[in-house]
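Following: one structure in structure tokens, then a few remarks.
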Amino acid sequence: MFGLALIPLGVAFAIYLIFAKDSPETPAAKSLSQYMAILKDKDAWWFMFFYSVTFGGFVGLASSLTIYFNDLYSLGPVVAGYCTAACVFAGSLVRPVGGMIADRIGGIRTLLTMYGIATLLLIIMSFGQPTYQLALAIIIPVMAVLGMGNGAVFQLVPQRFRKEIGVMTGLVGMAGGVGGFYLAASLGYIKQTTGNYQIGILIFAGLALLAMIGLSGVKTRWRTTWGSAVNTAAKV
């Protein structure tokens, strides 16, 4: 079964080899210390935090949902897997939609909306729903807004870090992975300690709220500096 995955991967690799080309505006190579100097920029840390909440939340929930559905609703592995797949599919499908919305109304406004909706839905999710169908009605939108938030983050990152986009992509992606590990591990630990998932989900809701507050705090500075109409044609 896994071997069959080599077929589309091989096709994609062949297409990449034929058509991919380096940008003619490739910047001069930088030393590792020059790249790491970006960590002195507080905006880099903000973006890493924002993505750790959106992508980290998406990955963390995706890793935990099969056990969640099995534990709370006594679903068998197959049905629990189907429910998880539906949630993950929803979040993955709408990621480009998040980027598209960010292009239209601005990445900051999009992210603020996504964090606000995620906070509210996660609070509702933390109390548990009587049936798995109702749980899906909450969790699928949660995964969707987190997926759209992922797209919105990467609408903003290239505008802020044009010359350092390579290293910033790596750092932001790393932060997302760390966030995913934290959420999955913390949900499991809190469930083992308290007997339920509520506190763990509420903590994640608090992180989404904190991200919304943090973004609200930096948006004016961003829009009057690198995100101003003078410096970028895209909506920030």
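The values are calculated or read from the model by the stated rules, or taken from the named source; none is laboratory data. Predicted model, so just to flag it, every value in this text is computed and none were measured. Every residue, glycine among them, receives a Cβ derived from its backbone with ideal geometry; neighbour counts consider all protein chains shown.
Quick check, is residue 149 surrounded by 14 or more Cβ atoms within 10 Å (Cβ to Cβ), modelled with pLDDT of 95 or more, small (Gly, Ala, Ser) and within 27 Å of residue 123 (Cα to Cα)?
Taking the combined requirement at face value, the residue satisfies it.
Look through region 73-122, keep the residues that are over 29 Å from residue 158 (Cβ atoms) and in contact with a Leu (Cβ under 8 Å, 6 or more places away or on another chain), and return whichever of them is surrounded by the fewest Cβ atoms within 10 Å (Cβ to Cβ).
86
Residues being surrounded by fewer than 16 Cβ atoms within 10 Å (Cβ to Cβ) and free of Cβ contacts under 8 Å to residues at least 24 places away in the same chain: count how many of those fall in region 125-137.
4
Can you pull out the residues in region 183-226 that are among the charged types (D, E, K, R) and under 22 Å from the mean Cα position of the chain (by Cα)?
Keep residues of region 183-226 that are among the charged types (D, E, K, R), which gives 191, 219, 221, 223.
The answer is 219, and nothing else.
Does residue 235 satisfy the criteria of being more than 25 Å from residue 39 (Cβ to Cβ), of a type in the set (Lys, Arg), in a helix (DSSP H, G or I) and modelled with pLDDT under 95?
No.
Could you check how many residues of region 136-176 are more than 16 Å from residue 118 (Cβ to Cβ) and over 11 Å from the mean Cα position of the chain (by Cα)?
Adding up the residues that qualify gives 19.
Please specify each residue of region 155-170 satisfying the condition of being surrounded by fewer than 21 Cβ atoms within 10 Å (Cβ to Cβ) and among the hydrophobic types (A, V, I, L, M, F, W, C).
165, 167
Quick check, is residue 92 hydroxyl-bearing (Ser, Thr, Tyr), in contact (Cβ under 8 Å) with a residue 24 or more places away in the chain and either in contact with a His (Cβ under 6 Å, 6 or more places away or on another chain) or within 16 Å of residue 198 (Cβ to Cβ) (or both)? Walk me through how you get there before you give the answer.
Working: hydroxyl-bearing (Ser, Thr, Tyr): yes; in contact (Cβ under 8 Å) with a residue 24 or more places away in the chain: yes; either in contact with a His (Cβ under 6 Å, 6 or more places away or on another chain) or within 16 Å of residue 198 (Cβ to Cβ) (or both): no.
Criteria not met by residue 92.
For residue 64, state whether it is of a type in the set (Ser, Thr, Tyr) and over 25 Å from residue 184 (Cα atoms).
Values: of a type in the set (Ser, Thr, Tyr): yes; over 25 Å from residue 184 (Cα atoms): no.
Spelling it out, it is not the case that residue 64 is of a type in the set (Ser, Thr, Tyr) and over 25 Å from residue 184 (Cα atoms).
Restrict the check to region 23-32 and report whether at least one residue is part of a helix (DSSP H, G or I) and surrounded by 14 or more Cβ atoms within 10 Å (Cβ to Cβ).
Checking region 23-32: not a single residue is part of a helix (DSSP H, G or I) and surrounded by 14 or more Cβ atoms within 10 Å (Cβ to Cβ).
Looking only at residues in region 33-68 that are surrounded by fewer than 20 Cβ atoms within 10 Å (Cβ to Cβ) and farther than 19 Å from residue 175 by Cα, which one is modelled with the lowest pLDDT?
Applying the first criterion (surrounded by fewer than 20 Cβ atoms within 10 Å (Cβ to Cβ)) to region 33-68 yields 33-43, 45-46, 49, 63, 66-67.
Those still in the list that are farther than 19 Å from residue 175 by Cα too: 33-34, 66-67.
Values: 33: 81, 34: 73, 66: 95, 67: 94.
If we take residues in region 33-68 being surrounded by fewer than 20 Cβ atoms within 10 Å (Cβ to Cβ) and farther than 19 Å from residue 175 by Cα, then 34 is modelled with the lowest pLDDT.
Among the listed residues 206, 217, 200, 188, identify the single one that is assigned to a helix (DSSP H, G or I) and surrounded by 21 or more Cβ atoms within 10 Å (Cβ to Cβ).
The unique qualifying residue is 200.
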